[in-house]
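Inspection log for the structure reproduced underneath, given as structure tokens.
The values are calculated or read from the model by the stated rules, or taken from the named source; none is laboratory data. Nothing here was measured: the structure is a model prediction, and the numbers come from that model. SASA here: full protein model, heavy atoms, side chains in, ligands and nucleic acids out. Shrake-Rupley method; radii C 1.70, N 1.55, O 1.52, S 1.80 Å.
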Amino acid sequence: VTYSHLHYLLYHLCQLLLLFLMIAIIDQNWGDSEFSLQGAADALFVSPQYLSRAFHREVGDTFGAYLSRKRLKEAMRLLQDADLKMYEIAQKTGYSSQHYFSNAFRRGLGVSPAEYRKNVLGQGETK
């Protein structure tokens, strides 16, 4: 094994480890409305610019888009519980306000959270 091969392998191993740690940090913090790329970068002792580029290169998406999808996926699950209020779902999914949550939900899924809930709960009643 040559030095250049070893360097190549170590570089890619470090990139995979960084990706694993990024995903773990997102999984632990996505519900915190204060969580950001800066917070993830601080936790990994890298710059936000470096983390952003590495995340995009390895995942094929931006940090913000990935985080939004994770939050919306959880919101879709929580909307199936008719007892939860919209502001509670917004808080549980990392949105700082119900208004911001509703806008992000509509932008991501094309319907409001209320419309989504009505459709999902309505389907459950007909079965």
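Applying the criterion of being modelled with pLDDT of 95 or more, polar (S, T, N, Q) and closer than 22 Å to I25 by Cα to the residues of segment 69-105, the residue that is least open to solvent (accessible area, probe 1.4 Å) is T93. Of all residues in segment 21-38, those being more than 21 Å from A104 (Cα to Cα) and open to solvent by less than 60 Å² (accessible area, probe 1.4 Å) number 4.
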